[in-house]
Amino acid sequence: MTDSIATRTCPRCGAAFDSSPRFSEWCPSCEWNLGAEPPLGWREARRRSRARARAEGLYERLAASTVGGRRWNVGRLAALALASLVHLVTLAVVVCSLWLLLTGRLVFIVLGLVGLGLAYLLRPRLGGRRDDPALVTREQAPQLYALTDRVAEALGARRPDRIRMQSGYRTGYARLGVRQQVELTLGMTLWTVLTPQERIALLAQELGHGATWDPRRGLWLRVALETLDAWHNLLMPGSGDELMVSRIERSSQYDALPGGGVLRQMNANTQKALLEELSLRLLLVCALPVQLARRGLYRLVRSGSQQAEYQADDLAARVGSSTATKAMLDALFLDETATAYLRKQRALAGHRAAARPADIAQALWNGLAEYVDSVPDIERERRRRLAAREAAAVDAWHPPTHLRVRLRAQRPEQSAALLADTVDWTAIHAELEDARWRVAILVLGI
């Protein structure tokens with residue numbers, strides 16, 4: 001799949017630029033037609049500006065340092081202190097509820113039961129999974145697990161206990177259950193478009209979270225965040241705004257009532273609306289400390305999590321090489337490109353007149369790899385600049401991808417500690433055959 005690259009003239013600055021018929025025309029000189037900027041309100045614009053400033057500040061501190069950052073700092077100590085306070089409050093609720101139960105008074109017993117019920121609803125979920133169709137076991141993929149074990153050993157990290165293959169471009173590292181088993185999640189889309197050496201860098205980047213201090217994946221801070229989320233959802237229900245909407249606007253409910261009945265019904269509904277609004281205001285007051293603690297802890301953990309991502313990138317370069325790590329990060333800019341291709345294939349699969357290949361999975365994933373590999377340099381550069389302008393990141397816990405690529409380019413070059421030539425990729429490909437079929441069926445919707 002190749003493009004006939006043509007030369008165009010920019011209507012804004014008059015500079016010549018290359019153009020591909022499959023993608024948008026744009027000018028690298030003045031960035032004409034780079035991409036539409038979505039309209040933002042002043043609150044959202046200010047929030048994004050502050051988040052960008054914090055991300056750039058973290059990047060500048062790490063770029064000026066030869067190491068990935070200090071393990072202990074003021075932010076980490078503050079996060080641990082705030083998380084400890086959250087756990088103490090939860091413990092106090094449980095202890096006070098038990099004490100109320102032991103008093104023997106009916107009113108206190110009822111309050112104690114309510115407190116224990118709240119403690120049960122707000123209990124931490126450790127994330128254990130039993131039946132998971134995305135799970136690939138060691139028995140099903142021994143060579144894949146052998147590769148991840150080699151990567152973990154090179155990092156000095158814990159080996160994964162579970163590997164999941166899901167659709168999409170996302171990968172993830174998590175610790176689940178009481179035993180905190182390591183779960184590695186791989187996105188089949190991203191896995192498909194990467195080269196073998198880049199896949200090693202990807203595995204090292206994810207498993208590197210087990211060798212660095214990532215506050216989001218630590219049990220103490222993660223449970224504190226989940227507890228604050230639970231309190232926030234309890235005190236700030238999603239339907240809170242609807243409680244403020246008066247039912248008076250629905251005039252059809254009064255049509256069958258006589259004149260006096262309409263007035264009584266309207267007065268009753270008005271009083272109910274006022275009570276509901278008063279209750280909501282009281283909930284807002286009670287939720288204020290939770291909101292402040294939640295916002296503060298999220299900000300502290302987010303900063304530490306973004307720093308951990310930079311450290312994981314350094315570990316990926318050590319195991320998979322600097323070149324492969326930069327190429328792997330650069331592939332993240334093509335998320336929308338790969339997604340657009342899969343959406344097109346889903347639409348074609350739903351068309352009855354379209355002929356289906358015998359091996360749907362092989363046709364889908366091979367076609368995806370060829371399509372992404374054929375993306376011209378001019379489109380890749382557009383995606384890079386667009387991501388830099390928007391400070392795009394995998395999610396809020398990750399630093400902007402363009403800053404990760406920039407920092408990686410500033411670090412000294414490192415050769416691979418684990419070469420792709422030493423891996424049996426044919427065996428791994430065969431082991432993931434069932435996973436490719438399952439994900440292909442989900443993607444195509446058949």
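The values are calculated or read from the model by the stated rules, or taken from the named source; none is laboratory data. Note that the structure is a prediction, hence the values are computed from the model and not measured. Quick reminder, even Gly has a Cβ in these numbers, built from the backbone with ideal geometry, and neighbours come from all protein chains shown. Quick note on the areas: whole protein, heavy atoms, side chains included, nothing else; ligands and nucleic acids left out. Shrake-Rupley method; radii C 1.70, N 1.55, O 1.52, S 1.80 Å.
FRET efficiency for the pair R105 and A396, taken as 1/(1 + (r/R0)^6) with r the Cβ-Cβ distance and R0 = 51 Å, rounds to 0.60. Under a GNM of the chain (C-alpha, springs under 10 Å), which listed residue has the highest mean-square fluctuation: A83, A53, A174? In this elastic network of the chain, the residue with the biggest mean-square fluctuation among A83, A53, A174 is A53.
Accessible surface computed residue by residue for the chain, with neighbouring protein chains in place and a 1.4 Å probe, gives 55 Å² per residue.
The residue list Q306, I5, L228 was ranked by how far each Cα lies along the charge dipole of the chain toward its positive end, using unit charges on Cβ atoms, and L228 comes out on top.
For the chain, the fraction of 1.4 Å probe accessible surface lying on carbon and sulfur atoms is 57 percent. Helices of the chain meeting both criteria, an alpha-carbon length of 27 angstrom or more along the long axis and an average Kyte-Doolittle score not below 1.0, with helices taken as full DSSP H segments, are 74-102.
Shape analysis of region 367-446 based on the Cα gyration tensor places the equivalent ellipsoid semi-axes at 29, 22, 15 Å, largest first. Counting only GluC sites (Glu not before Pro) that are in a DSSP loop and have at most 15 other C-beta atoms within 10 Å, tell me the longest site-free stretch of the chain. It works out to 140-412. Across L118, L225, L407, mean-square fluctuation computed from a Gaussian network of the chain (C-alpha pairs under 10 Å connected) peaks at L118.
By the Cβ distance rule (another cysteine Cβ under 4.7 Å), the unpaired cysteines of the chain are C96, C286. Computed over the chain, the range of Cα coordinates on each principal axis works out to 77, 56, 50 Å, biggest value leading.
Calculated over region 285-421, the projected area of the Cα convex hull averaged across directions stands at 13.6 nm².
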